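Working notes, structure below.
The values are calculated or read from the model by the stated rules, or taken from the named source; none is laboratory data. Just so it is clear, the structure is predicted and the values come from calculations on it, not from any experiment. No Cβ is skipped: glycine too gets one built from the backbone with ideal geometry, and neighbour counts run over all protein chains shown.
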Amino acid sequence: MKNKALTLTIIARMTSNYGEGLGNIASVQKVFRDGRTYATRSRESMKNAIMVSSGMYDDLQVQVDGATQKLVNEELNAANCRALEGGYMNTSGQTKIRKSSFYLTDAVACDEFVNETRFHNNLFLAGRFAKDNNLNLQEKAKESGLMPYQYEYDKSMKQYSLTIQLDEVGKDENFNSEADSSEKIARVNAILNAVEALSLVVKGNLDNAEPIFVVGGIGNYKTHYFENVVRVENGHLRITEDLKDKLSRGYQVALLEGGNFANEDSIKEELKPISVSRFFDQLRSEVEEYYAGTTN
């Protein structure tokens, strides 16, 4: 089997996840780069969302044995359990480690963080409790459970990268076992399906995190190949010679039209993108071709 990888760099509008809270105040996760602060969604959060959305965690089993960890044994390993495709470390008995076959970066905002604070309360529930218990809500706010709270809100254009080591999918050397080609195809395409239609639930809100721009494909570079050449500044996607050069090496670019970028016309003229749905359809076909004819 050829030693190749599937690599994508994606831009999507999504919310950040939350870090440390102080009392009833929740703040979004942030990173500090080049003297500026950017909102972010961590790679761990992204990976968990993709594993859940793809259905890869449907067969997850957990054990508590000194530590809460994924259950792993001869009958339940990365070759026959999709939930373990993202890697595991099991310390029950002899420690066993199996690295993930795919890797993600943090999803980092393209523009600097601007604090938008949202204020909420549970007035309806507290009012119902006060009424049912003959309490005066204004006088007995604490006894009624009235609780104001606030949190930072951020939904912005964010960039992240995903790379799948195709030759590692479905293998578990700890148990000398390997999934067949059809199972490998199903796993990779399940991840692609999740990325194409990714949605997140944040603070009770459904968040559409589908790609509005994506570049990549299957090639010889087993790394986040486009991570350093995709940049957005003030709503403009930078179209550089380095980006074009990398694209010329067998990769594709896709754009979700609708004015998401200020220079959408230039992107279409210079990069010749295809639609996002067509991009993922072609990529799924390439995954099937990659694994076609292999034997395990």
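Results, tabulated for the structure shown:
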read-out	value
Residue in the stretch 195-215 that is more than 15 Å from residue 12 (Cα to Cα), within 17 Å of the chain's Cα centre (by Cα) and surrounded by 14 or more Cβ atoms within 10 Å (Cβ to Cβ) present	yes
Residue 238 vs. criteria within 19 Å of the chain's Cα centre (by Cα), of a type in the set (Lys, Arg) and assigned by TED's automatic domain parsing to the domain that holds residue 16	no
Index of the failed condition, residue 141 passing every other in (1) modelled with pLDDT of 90 or more; (2) over 27 Å from the mean Cα position of the chain (by Cα)	(1)
Enumerated helices (runs of 4 or more DSSP H) restricted to the stretch 183-296, each holding at least 2 residues that are under 22 Å from residue 111 (Cα atoms) and not charged (D, E, K, R)	264-271
Residues (surrounded by 16 or more Cβ atoms within 10 Å (Cβ to Cβ), in contact (Cβ under 8 Å) with a residue 60 or more places away in the chain and either part of a loop (DSSP other than H, G, I, E, B) or aliphatic (A, V, I, L, M) (or both)) located in the stretch 73-97	77, 78, 79, 80, 84, 85
Neighbours by Cβ (under 9 Å, 6+ apart or cross-chain): first from the stretch 105-131, over 30 Å from residue 161 (Cβ atoms); second β-branched (Val, Ile, Thr) and at pLDDT below 90	117/25
Conditions (1) without any contact (Cβ under 8 Å) to a residue 60 or more places away in the chain; (2) of a type in the set (Phe, Trp, Tyr); (3) within 17 Å of residue 113 (Cα to Cα): number failed by residue 57	(3)
Hey, residue 184 crowded, with 20+ Cβ neighbours inside 10 Å and over 16 Å from residue 282 (Cβ atoms) or not	yes
The stretch 146-176, residues that are polar (S, T, N, Q), over 13 Å from the mean Cα position of the chain (by Cα) and either assigned to a loop (DSSP other than H, G, I, E, B) or modelled with pLDDT of 95 or more (or both)	165, 174, 176
Enumeration of residues in the stretch 116-163 that are buried (at least 16 other Cβ atoms within 10 Å of the Cβ), under 30 Å from residue 235 (Cβ atoms) and among the charged types (D, E, K, R)	152, 154, 155, 158
Answer from 151, 160 - the residue that is touching a Lys or Arg at 6+ places or on another chain (Cβ under 9 Å), more than 26 Å from residue 99 (Cβ to Cβ) and of a type in the set (Phe, Trp, Tyr)	151
Check on residue 278, out of contact with any Pro (no Cβ under 6 Å at 6 or more places or on another chain), basic (Lys, Arg) and modelled with pLDDT under 95	no
Output for the stretch 1-12, where each listed residue is touching a strand residue (DSSP E or B) at 6+ places or on another chain (Cβ under 7 Å) and either modelled with pLDDT under 95 or over 15 Å from residue 195 (Cα atoms) (or both)	4, 5
So residue 201, is it aliphatic (A, V, I, L, M) and either under 16 Å from residue 157 (Cα atoms) or in contact with a helix residue (DSSP H, G or I) (Cβ under 8 Å, 6 or more places away or on another chain) (or both)	no
The stretch 227-250: number of residues that are under 18 Å from residue 278 (Cα atoms) and surrounded by fewer than 18 Cβ atoms within 10 Å (Cβ to Cβ)	1
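Rundown of residues vs (1) surrounded by 19 or more Cβ atoms within 10 Å (Cβ to Cβ); (2) under 19 Å from residue 236 (Cα atoms), yes/no style:
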residue: 255; (1), (2): yes, yes
residue: 258; (1), (2): no, yes
residue: 263; (1), (2): no, yes
residue: 268; (1), (2): no, yes
residue: 274; (1), (2): no, yes
residue: 278; (1), (2): no, no
residue: 282; (1), (2): no, no
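For (1) assigned by TED's automatic domain parsing to the domain that holds residue 256; (2) aromatic (Phe, Trp, Tyr); (3) in contact with a Phe, Trp or Tyr (Cβ under 7 Å, 6 or more places away or on another chain), each residue gets a yes or a no:
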position: 14; (1), (2), (3): yes, no, no
position: 31; (1), (2), (3): yes, no, yes
position: 36; (1), (2), (3): yes, no, no
position: 49; (1), (2), (3): yes, no, no
position: 52; (1), (2), (3): yes, no, no
position: 65; (1), (2), (3): no, no, no
position: 74; (1), (2), (3): no, no, yes
